[in-house]
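Since the structure comes first, as structure tokens, the remarks are kept for the end.
The values are calculated or read from the model by the stated rules, or taken from the named source; none is laboratory data. All values reported here derive from a predicted model rather than from experimental measurement. Virtual Cβ from ideal backbone geometry, glycine too; neighbours counted across all protein chains shown.
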Amino acid sequence: MARFNYSGYDAKGKLTRGSIDASSSIQAVERLTERGVIVVDVALIEEKAVRHKMKLMSLGEHIMFCRSLASYLRSGLPLADSLRILGKQTRDKRLSVVFSALLASVEGGKKFHTALAESGAFRETLWRVVESGEQSGSLIEVLEQIAGQFKMEEHLRRKMKSAMTYPVVMAIVGIGVVVFLLSYVVPQISVLFTDMNRVLPLPTRILLGIAGFVNTFGLPLLAASLVLFFVMKRRGIRLRLPFMRGLRERLTLSLVMTHLSTLLKSGIPLVQGLRMASSMDANPKRWLDVADFVKAGHRFDKALEKTGFPEEVVYVIRVGEMGGDLAEALSNVGQNNWEIAQSHMERIATLIEPAMVLTLGFSVGFIVVAILLPIFDISSMVR
């Protein structure tokens, strides 16, 4: 339920002001009319406060929302009734607040994609897709499509998390062992050799230098790293690893091409579809450039070629365009790029584990050798 401020005249003709709870401005007016108030103005309040409390829904919650809503709409229920049912069915109070806010916005006259965007609880990808679905009259289809894409992404994330569990545990244990050796064992040996006026072996001197650095700057660096992590998380800044660039490109191509295919199947012209789908890319300008080329009279495949898209993408689009089935060609490009991205991520996950083992093995091995060398020297002195 939302809260509305109102002003109007009562039965005696006296100006009255106040607030009332209602699911929409229309319901607020109806309730006030039943009280005998002639409404002059109604304004929604506390919308920002509610929106501020809403956090981005998880990927699983996005899938549930899209699938459930598409199912209700396909059965013939209006959008408002579908949102009302979703709000009543969920046991999560946070989701109930989100769905109630959506219902209030829709009943208040806002478009569905605008309500999704303003709530702050949904991905931009979702409300951009919903916007195109509303314009093309294919809201149910795009909801089912984006639910499928979210499902594939969730499956890929689970596989990555499963593959990364062992390396992460190894890293934590290995770092703990290394820190213990550097902060406790190595300084003890350093004191022993200092008392004996012996020159330490080079590996041991290197290890002592590292240990001194860790003991002096370890805690400040750890604190600075934690602060930087929380600042980046709060501002939504993500590290972009160079070896992940190709993967991100494949995922973007899959998302945009699949969505563009749905738009074309729904009757949206190619130029308009390109502009609508461009918002799903971190670099929308290249898609807008393609749209401008197509609008100027170039074929779609030539426009993609001029903009620098991969040759294999251009070839499939050319065949589909010449064969009169561009939408299906776009769908094939999207599916192919998704499968390539999935294979790429699995390969990365497979390589991380042995790389982690080798790195930790080298680190611990170097520390052990650096510690044993002076011990061997002491043994030779005793003999």
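The table below lists the values:
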{"item": "Residue in segment 312-335 that is in contact with a Gly (Cβ under 9 Å, 6 or more places away or on another chain), in a helix (DSSP H, G or I) and closer than 18 Å to R286 by Cβ present", "result": "yes"}
{"item": "Residue within segment 157-177 that is at pLDDT 75 or above and in contact with a Gly (Cβ under 8 Å, 6 or more places away or on another chain) present", "result": "no"}
{"item": "Test: residue in segment 196-215 that is out of contact with any helix residue (DSSP H, G or I) (no Cβ under 7 Å at 6 or more places or on another chain), modelled with pLDDT of 75 or more, among the charged types (D, E, K, R) and within 30 Å of I367 (Cα to Cα)", "result": "yes"}
{"item": "Unmet requirement for L143, which otherwise passes all of (1) modelled with pLDDT of 80 or more; (2) in contact with a Gly (Cβ under 8 Å, 6 or more places away or on another chain); (3) outside the structural domain of V357 (by TED's automatic domain parsing)", "result": "(3)"}
{"item": "Single residue of segment 280-324 satisfying the filter (loosely packed, with under 14 Cβ neighbours inside 10 Å and among the acidic types (D, E)) that is farthest from I146 (Cα to Cα)", "result": "E311"}
{"item": "Test: residue in segment 273-285 that is more than 20 Å from R248 (Cα to Cα) and among the hydroxyl-bearing types (S, T, Y)", "result": "no"}
{"item": "Test: residue in segment 92-111 that is surrounded by fewer than 21 Cβ atoms within 10 Å (Cβ to Cβ), among the acidic types (D, E) and more than 26 Å from Q27 (Cα to Cα)", "result": "no"}
{"item": "Failed criterion for R157 (all others in (1) under 30 Å from E346 (Cβ atoms); (2) surrounded by 16 or more Cβ atoms within 10 Å (Cβ to Cβ) hold)", "result": "(2)"}
{"item": "Search result, residues across segment 1-18 that are at pLDDT 75 or above and out of contact with any Gly (no Cβ under 7 Å at 6 or more places or on another chain)", "result": "N5, S7, G8, Y9, K12, K14, L15, R17, G18"}
{"item": "Among the candidates I371, I348, I340, I375, residue that is modelled with pLDDT of 80 or more and either in the same structural domain as L260 (by TED's automatic domain parsing) or more than 30 Å from K151 (Cβ to Cβ) (or both)", "result": "I340"}
{"item": "Pick from segment 345-354, criterion under 27 Å from the mean Cα position of the chain (by Cα) and not basic (K, R), ranking: surrounded by the most Cβ atoms within 10 Å (Cβ to Cβ)", "result": "M345"}
{"item": "Inter-residue pairs, beta-carbon under 7 Å, first in contact (Cβ under 8 Å) with a residue 24 or more places away in the chain and within 15 Å of K55 (Cβ to Cβ) and in segment 88-115, second of a type outside the set (D, E, K, R) and assigned to a helix (DSSP H, G or I), 6+ apart", "result": "V97/V50; V98/S119; A101/V50; A101/S119"}
{"item": "Pair list, Cβ under 9 Å, 6 or more apart: segment 166-195 residue farther than 21 Å from L222 by Cα and surrounded by 14 or more Cβ atoms within 10 Å (Cβ to Cβ), other residue among the charged types (D, E, K, R) and at pLDDT below 70", "result": "F193/D377"}
{"item": "Qualifying residue in segment 335-344 (condition: surrounded by 14 or more Cβ atoms within 10 Å (Cβ to Cβ) and aromatic (F, W, Y))", "result": "yes"}
